[in-house]
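Report on one structure; see the data block that follows.
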């Protein structure tokens, strides 16, 4: 008896599932309905991983909207170096300024994301460098970011400065103190 109930229950479930999967009658279909993929047909994604190549008409527009950084011009290089120096000048005052003042001045030179990363992470009294000993050197520079090395009495301080657009202010997004004493 239990075997017959199980068989009847399975048959009823199968009928219910197959009835729900059947296509509606032709007069019930809406004109905007899209066919569902069958079990053998994989659904196609609305996007793919390839990068579209602009046509000749779109090339000027695509170039203007490009995320590829251009080589830095002289103004960009000067601005990046100046921004790095402002951060470096605050950095080397870590042992001479009050901790709260040092931290506040440092935060003013950093990007918002860097502020979150550096807040309460560095303590001024632990900074070994106390003076800048040379001119900043740009090791890489685009119109949006630059890496600047600033020599200090405790070794080279490497700073990364960025800006969202060529008209925005340069701010420091990364500070890497010297790993060895010089």
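Details
- Residues of the range 129-140 include at least one that is part of a strand (DSSP E or B) and touching a residue at least 24 places away in the same chain (Cβ under 8 Å).
Residue by residue, here is whether (1) free of Cβ contacts under 8 Å to residues at least 40 places away in the same chain; (2) crowded, with 16+ Cβ neighbours inside 10 Å; (3) closer than 20 Å to residue 72 by Cβ holds:
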| residue | (1), (2), (3) |
| --- | --- |
| 150 | no, yes, yes |
| 154 | yes, yes, no |
| 161 | no, yes, yes |
| 168 | yes, no, yes |
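- Residue 135 being closer than 17 Å to residue 77 by Cα and surrounded by fewer than 18 Cβ atoms within 10 Å (Cβ to Cβ): yes
- Filter result for residue 126 (under 26 Å from the mean Cα position of the chain (by Cα), without any contact (Cβ under 8 Å) to a residue 60 or more places away in the chain, exposed (fewer than 14 other Cβ atoms within 10 Å of the Cβ) and farther than 18 Å from residue 73 by Cβ): no
- Any hit, the range 88-105, residues being touching a strand residue (DSSP E or B) at 6+ places or on another chain (Cβ under 7 Å) and outside any helix (DSSP H, G or I): yes
Results for (1) touching a helix residue (DSSP H, G or I) at 6+ places or on another chain (Cβ under 8 Å); (2) surrounded by fewer than 19 Cβ atoms within 10 Å (Cβ to Cβ); (3) more than 23 Å from residue 125 (Cα to Cα); (4) touching a residue at least 40 places away in the same chain (Cβ under 8 Å), shown as yes or no for each residue.
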{"position": "75", "(1), (2), (3), (4)": "no, yes, yes, no"}
{"position": "80", "(1), (2), (3), (4)": "no, no, yes, yes"}
{"position": "88", "(1), (2), (3), (4)": "no, no, no, yes"}
{"position": "97", "(1), (2), (3), (4)": "yes, yes, no, no"}
{"position": "104", "(1), (2), (3), (4)": "no, yes, no, no"}
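- Boolean, residue 111 is modelled with pLDDT of 90 or more and exposed (fewer than 11 other Cβ atoms within 10 Å of the Cβ): no
The values are calculated or read from the model by the stated rules, or taken from the named source; none is laboratory data. Given the structure is predicted, the values throughout are model-derived calculations rather than measurements. All Cβ positions, even for glycine, are placed from backbone atoms using ideal geometry, and neighbour counts span all protein chains on display.
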